[in-house]
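Every read-out reported here was derived from the displayed coordinates using simple, explicitly stated rules and does not represent laboratory data. Not measured: the values here are computed from a predicted model. Glycine gets a Cβ as well: all are built from the backbone with ideal geometry, and neighbour counts include every protein chain shown.
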Amino acid sequence: MTAYLDIILVALILSDFILLGSGRLGNCIRIAAWQGIMVGLLPIATADAGFSFRIAALGIAVVVLKGFVFPRLLNRAIRESASSREVKPFVGYTTSLLAGVLALSASFWLDGRLSFPLHLESAIVVPVSLSMMFTGLFLVVARRTAVNQVIGYLVLENGIYALSLAIVRDVPFLVELGVLMDMFVAVFVMGIAIYRINMEFDHMDSNRLAKLRG
């Protein structure tokens, strides 16, 4: 299934660039949801010997949480607010796209200098995973709106998940589900925090919150 895996990986990279260049919060949430669904398909695309209950259950869990549950929480947060766009991000969208290109180039450079003892299903799985991690970190620090920062956290986790899936094949299924549940709790708490921030301050600009003093 190498061809299908490569298609998914290329789509993940394209979704990163769309997130870097988009200022509409609703569009960013939809792209993050599609990225979550594609990440959920990775266990199936990397399966060596057909389907199994473990592969199917893991893929379904990832698709449901990242493709539907998390986006629903974030959509509810922006519905309760007057914010629909990222206003004056710390780093502009053109510069963000250039940073994405540099992150992708750096990921391929790092991949050429890292050695993995295991056979990888695709030659680009490691650089794509690293690029997603860099993109997620960039979104966290380069965006003002709390929703986009949560999306950056999700992209970062997607990169970590894709990399671990590529190089670690014997992780117990319960451990994988435990990681997903930890992430669910984190995003759920972030969603509540965003809702409370908007209710109290009528905005979701985390930079303005940093000016508060207790």
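Sorting Ile18, Ile167 from the fewest to the most surrounding beta carbons within 10 angstrom yields Ile167, Ile18.
When each of the peptides 33-41, 83-91, 8-16 is scored by the mean number of other C-beta atoms lying within 10 Å of its residues, the order from highest to lowest reads 33-41, 8-16, 83-91. Rounded to whole numbers, the Karplus 3J(HN,Hα) couplings from phi for segment 140-150 are 5, 8, 9, 10, 8, 6, 4, 4, 5, 5, 5 Hz, using 6.51 cos²θ - 1.76 cosθ + 1.60 with θ = phi - 60°, and x at Gly and Pro. Per-residue Cβ neighbour counts within 10 Å put Phe68, Phe17, Phe138 in the sequence Phe68, Phe17, Phe138, beginning with the fewest. Near Arg24, the amide H atoms lying under 5 Å from its own belong to Glu86; only residues 5 or more places off or on other chains count, and H is placed 1.01 Å from N. Rounded, prolate or oblate: which fits segment 34-167, taking a ≥ b ≥ c as square roots of the Cα gyration tensor eigenvalues, rounded meaning a/c under 1.5, else prolate when a/b beats b/c? It is oblate, given that a/c is not under 1.5 and a/b is not larger than b/c. Among residues other than Ile124 whose Cβ falls under 11 Å from its Cβ, what is the net charge (Lys/Arg +1, Asp/Glu -1)? Net local charge, Ile124 excluded: -3.
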